[in-house]
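See below for the structure under consideration.
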Amino acid sequence: MRIGELGRRTGVNAHQLRYYEAQGLLEADRRANGYREYDENAVLRVKQIRHLLGAGLSSEDIAYLLPCAVGETPELPGCTELLDAMRSRLRRLDDQMARLAQSRGALANYIDAAEQMGSESYPPFDDAEREPVPA
């Protein structure tokens, strides 16, 4: 099947499919005219990729895990190497979430402090000249 049909069957646009191919996640043969030709397994492979991306895995992680994937969801065997890779990604996600929570807290503190200061216009203006007052 050509890229347009694969896109229709999976709900993934052609640009993303080409990206998956460039990342080594999806394989296509080339016709004499240069068009990509995908086999039936490509539909399952794209669905697996989408599920794994949805779990927060990078394309590099997925390239490592994908050869072991079974089924659409997909299921992954519990071998040590795969578990280590997934745990590593989980730790990275936890770190990102902690940094975001810290940033959110700091921003919330700034908002609270600004609300307590009142509703003066910014920058403060000298009413006579409507020029910002120097600090």
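The values are calculated or read from the model by the stated rules, or taken from the named source; none is laboratory data. Computed from a predicted structure; not experimentally measured. For neighbour counting, all protein chains shown are included, and Cβ atoms are generated from backbone atoms with ideal geometry for every residue, glycine included. Accessible surface areas use protein heavy atoms only, side chains included; no ligands, DNA or RNA. Shrake-Rupley method; radii C 1.70, N 1.55, O 1.52, S 1.80 Å.
Could you say which residue among E72, E60 is at pLDDT 85 or above, open to solvent by 60 Å² or more (accessible area, probe 1.4 Å) and under 15 Å from the mean Cα position of the chain (by Cα)? Spell out how you get there, then give the answer.
Details: E72 fails: under 15 Å from the mean Cα position of the chain (by Cα).
E60 is the lone residue from the list that is at pLDDT 85 or above, open to solvent by 60 Å² or more (accessible area, probe 1.4 Å) and under 15 Å from the mean Cα position of the chain (by Cα).
State yes or no: is D39 modelled with pLDDT of 90 or more, closer than 30 Å to L6 by Cα, touching an Asp or Glu at 6+ places or on another chain (Cβ under 7 Å) and open to solvent by 70 Å² or more (accessible area, probe 1.4 Å)? Spelling it out, it is not the case that D39 is modelled with pLDDT of 90 or more, closer than 30 Å to L6 by Cα, touching an Asp or Glu at 6+ places or on another chain (Cβ under 7 Å) and open to solvent by 70 Å² or more (accessible area, probe 1.4 Å). Taken over the stretch 23-36, the residue count meeting the criterion of being open to solvent by less than 40 Å² (accessible area, probe 1.4 Å) and in contact with a helix residue (DSSP H, G or I) (Cβ under 8 Å, 6 or more places away or on another chain) is 3. Is there a residue in the stretch 43-51 that is within 17 Å of M1 (Cβ to Cβ), of a type in the set (D, E, K, R) and loosely packed, with under 11 Cβ neighbours inside 10 Å? No - not one qualifying residue is present in the stretch 43-51.
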